[in-house]
Amino acid sequence: MSAAKATTRSDFEKPGADVLPENDKGRFAVTNTADDSYVFRAAPLRNIALTAPYFHSGKVWDLKQAVAVMGTAQLGEELRGEEVDLIVAFLNSLTGKMPEVAYPVLPAETAETPRPISVIPTSK
């Protein structure tokens, strides 16, 4: 069993405007801090080549495109094709055996089954 890791500011990223999700301002919904608008938790990089789509919105399905978008969003400049290829090659090197996930078999839904409720506070 692994120990829980404390969440830090570097665990979150702000994607490019073209991949931002509609009606979801990310951490802003929790902190109400303008700097946290459209800031989302960064996904782990292990097996990233196998886990498309990318970004919180799921709008990007190509790893090369995702790297190019993040180059612009994080560095403020467009990456050259060779730079994107090198980063993608590195990310591909992080690919290993995907863990097997065993999903539980849930009981059948009935009229008494509780319905989910939203836990994201709405802005006023």
Notebook entry, point to check: Out of region 74-103, which GluC sites (Glu not before Pro) are coil in DSSP terms and have no more than 15 other C-beta atoms within 10 Å?
Noted result: E77, E78, E100
Note to self: List the residues, sorted by chain then number, that are 5 or more residues from V60 or on another chain and whose placed amide H is less than 5 Å from its amide H.
What the structure shows: Y54
Check: Once fully extended, how much extra length lies between Q74 and N32, figured as 0.36 nm per residue of separation less the alpha-carbon to alpha-carbon distance?
Finding: 12.9 nm
Checklist line | Simple spin-label estimate for K64 and A108 in nanometres, 7 Å along Cα-Cβ | finding: 5.0
Check: How big is the C-alpha Rg of region 50-124 next to the rule-of-thumb value 2.2 N^0.38 Å, as a ratio?
Finding: 1.72
Next item on the list: Search the structure for amide H atoms under 5 Å from the amide H of N47, placed 1.01 Å from N in the peptide plane, and list their residues when 5 or more places away or on another chain.
Entry: T95, G96
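Throughout, read-outs are computed from the coordinates displayed, never taken from laboratory work. No experiment lies behind these values; they were computed from the predicted model shown. Every residue, glycine among them, receives a Cβ derived from its backbone with ideal geometry; neighbour counts consider all protein chains shown.
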